[in-house]
Amino acid sequence: MNPAALKVNLRDLEPGGVLVVNEDASPSRTWGKAGYEVNPLEDGSLTRFQLYRVPIDKLNAEACEGTGLTGRATSRCKNFYALGLVYWLFGRDMETTLRWIEQKFGAKGSVADANARALKAGYYFGETAEIFPVRFTVPPAKLPRAVIAK
């Protein structure tokens, strides 16, 4: 999460919950824009959560290197990087999302490539970083089959 997302969504996280924060998005001015007087990563206010600080901007930029995208366009891929990390953390497969990226951005080859690279890089970061003491398995939900009215 970036500072603004943290401010809006923190109340939904249970004590002891996993909190992944993009530490690259945390200059003091950014925290101020999000309504924080002090950086919550530094003041101890997040101790009730399992806090993981990940340099998502930096790692995403490295993953997208060589795709030909501008810095701004590369930055837009960081949500896929974070999603890849969440997929690893919760034992989910990325194949459906990789197919969706190809369908959505396939005509824009470099965009599709960068988003797929970011997703995979986030996943493999989780696999290799050894910062998470546990990994969760979340099986697919068993939902009733949808009926489409005619």
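The values are calculated or read from the model by the stated rules, or taken from the named source; none is laboratory data. Note that the coordinates shown come from a computational prediction; the quantities given were computed from them, not determined experimentally. Cβ coordinates were reconstructed from backbone atoms using ideal geometry, including for glycine residues, and neighbour counts include every protein chain displayed. In case anyone asks, the SASA skips ligands and DNA or RNA and just uses the protein heavy atoms, side chains included. Shrake-Rupley method; radii C 1.70, N 1.55, O 1.52, S 1.80 Å.
Brief remarks follow.
- Total residues in segment 90-120, condition assigned to a helix (DSSP H, G or I), farther than 18 Å from residue 2 by Cβ, open to solvent by less than 80 Å² (accessible area, probe 1.4 Å) and in contact (Cβ under 8 Å) with a residue 40 or more places away in the chain: 4
- Positions within segment 36-52 being free of Cβ contacts under 8 Å to residues at least 12 places away in the same chain and more than 24 Å from residue 133 (Cα to Cα), in sequence order: 37, 38
- Summed over segment 38-74, residues that are more than 30 Å from residue 141 (Cβ to Cβ) and over 12 Å from the mean Cα position of the chain (by Cα) total 23.
- Residue in segment 127-149 that is open to solvent by 40 Å² or more (accessible area, probe 1.4 Å), touching a residue at least 12 places away in the same chain (Cβ under 8 Å), outside any loop (DSSP other than H, G, I, E, B) and touching a Cys at 6+ places or on another chain (Cβ under 8 Å) present: no
- Near pairs, Cβ below 7 angstrom, 6+ apart or cross-chain, from segment 24-35 (farther than 16 Å from residue 5 by Cβ) to any residue that is part of a loop (DSSP other than H, G, I, E, B) and open to solvent by less than 50 Å² (accessible area, probe 1.4 Å): 28/39
- Lone unmet requirement of (1) touching a helix residue (DSSP H, G or I) at 6+ places or on another chain (Cβ under 9 Å); (2) over 22 Å from residue 126 (Cβ atoms); (3) of a type outside the set (Val, Ile, Thr) for residue 72: (1)
- Counted residues, segment 46-56 - those being open to solvent by 50 Å² or more (accessible area, probe 1.4 Å) and either of a type in the set (Gly, Ala, Ser) or not in a loop (DSSP other than H, G, I, E, B) (or both): 3
- Any hit, segment 72-88, residues being outside any helix (DSSP H, G or I), open to solvent by 90 Å² or more (accessible area, probe 1.4 Å) and within 28 Å of residue 40 (Cβ to Cβ): yes
Residue-by-condition table, conditions (1) over 16 Å from residue 86 (Cβ atoms); (2) assigned to a helix (DSSP H, G or I); (3) open to solvent by less than 70 Å² (accessible area, probe 1.4 Å); (4) at pLDDT 85 or above:
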residue	(1), (2), (3), (4)
10	yes, yes, yes, yes
21	no, no, yes, yes
31	yes, yes, yes, no
44	yes, no, yes, yes
